[in-house]
Ligand SMILES: Nc1ncnc2c1ncn2[C@@H]1O[C@H](COP(=O)(O)OP(=O)(O)O)[C@@H](O)[C@H]1O
Ligand SMILES: [Mg+2]
C-alpha cells in the first residue's frame, strides 16, 4: 500500500460554536500503481481529503501512512520534503507560474531540487514530449489553451519523479473533449510511467476510466468499487539523487530577463510550497 488512512477526521473551527467536521473517520488503502478516482458532490470533502493525502495539511485525528511513513506527526519542513519527493499535484486551475515559458514551469521543481541546467532542461523537455507539448515549450501560460495548460501542469507534476500524482478536478475547467484528452494523458502516465494516480472528480464518466471508484458523501466513504480496468505494476521507488532543500544550482531563466527572474518562487498552492 502506498497510501493507508486510518480513521481520518478533519475538523475546522475546533472548540468553537461553529465547529465543522469535514472528514468523519475515513479508512482507506491505495495500492501502489493503481489509478483511483474519488468522486463525490461538491462540498463532500474531496479537496480536504486531497490536502491530507498530499501532505498539504494534517488530519485532526487518525493515522496516515504514506509509503510507510507516518505523516500526521511530521513537522512542517518534513511535510514539505515528503511532498516534494513523493507527490505530484495537478489542480483544476492549472496553477502555472505566469510570464515564464512552459519549459521553465516544468523546470521549476527541478531547479528547487538543485538539479543542474542541462539535467533540468532535458528532463523538462522529455516530460513535455510525454504530454504532447513539444511544439509549445517556449509559450507562456497565457498563450496556451486550457487543455494545453493542464498538459504542462501534468508534465510539471512529474518533474520530481513522484510515486503518486494527485489531481483535484483536473478537467473541471475544461470542455468535455479537452477533458477526455487530459484523461487520456493520465491513463498513459499510469500505464507507461506506472505511477499511482488519485483523480478527484465529480464526473462519473471519467471515474469509470480508472481502476477503482471511491465515493464519498458528507465526509464519509460510502462506496468503493473496482471497475475491472487493470492496475499497472508500480514503478520501483528511486532514491532522490539531490537534496530537495539544495540551493538552486543556477539561474532558471537563461539569459535571465532581469535579476529578479533568478528568484522565482517555487510552485505553491494556497500559500504552501508544493
Ligand atoms: N479551510 C477551511 N476552513 C473551513 N471550512 C472548510 C475549509 N476547507 C473546506 N471547508 C469546508 O469543508 C467542506 C468540504 O469542502 P471541500 O473539501 O472543499 O469539498 P469538495 O472538494 O468535495 O467540494 C465544505 O463545507 C467547506 O466549506
Ligand atoms: Mg474540491
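Divide, for the range 137-178, the radius of gyration over alpha carbons by 2.2 N^0.38 Å, where N is the residue count.
1.24
Counting only helical runs of four or more DSSP H residues, what would the 222 nm mean residue ellipticity of the chain come to if each run contributes -39,500 (n - 2.57) and the total is spread over all its residues?
-8500 deg cm²/dmol
Average the reciprocal distances over every distinct pair of alpha-carbons in the chain, invert the result, and give the Kirkwood radius in Å.
That comes to 19.0 Å for the chain.
If we count other beta carbons within 10 Å of each Cβ, what is the order of 204, 119, fewest first?
Result, fewest neighbours first: 204, 119.
Sort 91-104, 156-169 by packing, meaning the average of other beta carbons within 10 Å per residue, with the highest value first.
156-169, 91-104
When only C-alpha pairs under 8 Å and at least 6 residues apart count, what is the relative contact order of the range 73-158, in percent?
42 percent
Over the chain, what is the mean sequence separation of C-alpha contacts under 8 Å (at least six apart), divided by residue count, expressed as relative contact order in percent?
27 percent
Diagonalise the Cα gyration tensor of the range 1-73 and give the resulting equivalent ellipsoid semi-axes, square root of 5 times each eigenvalue, largest first, whole Å.
Here the semi-axes work out to 22, 15, 9 Å.
Rounded, prolate or oblate, given the Cα gyration tensor of the range 135-207, with a/c below 1.5 counting as rounded?
Verdict is oblate for the range 135-207.
Where does each of 137, 183 land when they are ranked from fewest to most other beta-carbon atoms within 10 angstrom?
137, 183
Per 5 Å bin, what percent of the C-alpha pairs of the range 53-183 does each bin hold, from zero upward?
Reading the bins upward from 0: 2, 11, 19, 20, 18, 13, 9, 5, 1, 0.
Assuming R0 = 41 Å, can you tell me the calculated FRET efficiency for the pair residue 184 and residue 70, based on Cβ-Cβ distance, to the nearest 0.05?
Efficiency, rounded to the nearest 0.05: 0.70.
Take the alpha carbon gyration tensor of the range 102-170, find the square roots of its eigenvalues, order them as a ≥ b ≥ c, and report rounded if a/c is under 1.5; if not, report prolate when a/b exceeds b/c, else oblate.
It is oblate, given that a/c is not under 1.5 and a/b is not larger than b/c.
When the Cα atoms of the range 166-228 are enclosed in a convex hull and the volume is divided per residue, what value in Å³ results?
89 Å³
Multiply the residue gap between residue 63 and residue 41 by 0.36 nm, knock off their C-alpha separation, and tell me the result in nm, one decimal place.
Between residue 63 and residue 41, full extension yields 5.4 nm more.
Among 218, 76, 211, rank each residue by its count of other Cβ atoms within 10 Å, from fewest to most, as a rough exposure measure.
Going from least to most buried by this count: 76, 218, 211.
Debye calculation, C-alpha points only, no solvent: report log10 I(q)/I(0) for the range 37-106 at q = 0.12, 0.13, 0.25 Å⁻¹, in the same order as the q values.
With one equal scatterer per Cα and no solvent, log10 I(q)/I(0) is -0.42, -0.48, -1.16.
No value in this document is a laboratory result; all are computed from the given coordinates. The structure presented is a predicted model; accordingly, all values stated were derived computationally and were not measured. As a convention, Cβ positions derive from the backbone with ideal geometry for all residues, glycine included, and neighbour counts pool all protein chains shown.
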